[in-house]
Amino acid sequence: MAIRLKHLKHWCLGRILAAVAATLLLTAPASEAGAVTGSREQLIPILGVTMGNTPEGTVAYLHLSFEERPDRNGLVMRFMNKPGRFSRMAQTAVEQAVYRVAQHLNLSTDSWTVVLTVPYEGITVYGDSLSAMVALSVAAMANGKFIAPDRVMTGTVRPDGHIGAVTAVPLKVEAAYEAHLHRVIVPEELDISDPDWRTPFLLQVSPVGSVKQAYAALTN
């Protein structure tokens, strides 16, 4: 299923992204300082499709906070409900993906606290195609890395470590191109409902089949 951003209008997307970019500049020093204490934060892009009679691909950003605690009491996932919120399905998909990515990258989630925020007033994020991007971003933070801001991924994470197909990949790739992102990671497995499409000029589209391939594509 595609990510759907409820009530996100095309005409205001540029204004929203400008505000998010400004926020990223303000939080960057805090992210670098936090890495020393075991807490990290980053705005990560996600690809989605707007709701409406004529769906459009869109790029939005989530605020991701990661902390490695001194205890080993298990993974703590917090999904904030302001300014925007996550649907129950999106929450479940993200939490499952974090566990699965950690397992296939030989990481332990026992001391992780992960907090996710939708920084758009009144917006609800639906679907599961953001789950791989979020989970791999968490894994990168656990390894002391940050995913480059010009890279984004759409896909799910299966229990066996494969990257699952999602819908509306052509719309999402076009949205990434219009947002001036440079690399899009997509599942090798295509959804049968998607039409044939071409890669936009100067945009690198990287099909991946596994968690390890996706992690390498996002972090290298």
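The values are calculated or read from the model by the stated rules, or taken from the named source; none is laboratory data. All figures in this text were calculated on a predicted structure; none of them were measured in a lab. Cβ atoms come from the backbone with ideal geometry, glycine included; neighbour counts cover every protein chain shown.
Each row is one residue, and each column tells you yes or no for (1) surrounded by fewer than 24 Cβ atoms within 10 Å (Cβ to Cβ); (2) out of contact with any strand residue (DSSP E or B) (no Cβ under 9 Å at 6 or more places or on another chain); (3) under 30 Å from residue 73 (Cβ atoms); (4) not aromatic (Phe, Trp, Tyr).
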position	(1), (2), (3), (4)
111	yes, no, yes, yes
117	yes, no, yes, yes
123	yes, no, no, yes
149	yes, no, no, yes
154	no, no, no, yes
161	yes, no, yes, yes
172	no, no, no, yes
182	yes, no, no, yes
- The one condition residue 208 fails out of (1) closer than 30 Å to residue 72 by Cβ; (2) touching a Pro at 6+ places or on another chain (Cβ under 9 Å) is (1)
- Query: When only residues in segment 42-72 that are in a strand (DSSP E or B) and of a type in the set (Val, Ile, Thr) count, which is farthest from the chain's Cα centre (by Cα)?
  - Reply: 50
- Query: Which of (1) at pLDDT below 95; (2) under 17 Å from the mean Cα position of the chain (by Cα); (3) not in a helix (DSSP H, G or I) does residue 194 not meet, given it meets every other one?
  - Reply: (2)
- Message: Looking only at segment 97-109, count every residue that is touching a Ser or Thr at 6+ places or on another chain (Cβ under 7 Å) and either farther than 11 Å from residue 75 by Cβ or assigned to a loop (DSSP other than H, G, I, E, B) (or both) and tell me the total.
- Response: 1
- Query: Which of the residues spanning segment 201-214 are more than 21 Å from residue 164 (Cβ to Cβ) and at pLDDT 75 or above?
  - Reply: 202, 203, 204
- Task: Would you mind stating whether residue 217 is crowded, with 21+ Cβ neighbours inside 10 Å, at pLDDT 95 or above and part of a helix (DSSP H, G or I)?
- Result: no
- Message: Considering only residues that are touching a residue at least 60 places away in the same chain (Cβ under 8 Å) and surrounded by 18 or more Cβ atoms within 10 Å (Cβ to Cβ), which ones fall in segment 72-99?
- Response: 90, 93, 97
- Task: Examine segment 139-154 for a residue that is part of a strand (DSSP E or B), touching an Asp or Glu at 6+ places or on another chain (Cβ under 9 Å) and in contact (Cβ under 8 Å) with a residue 12 or more places away in the chain, and state whether such a residue exists.
- Result: no
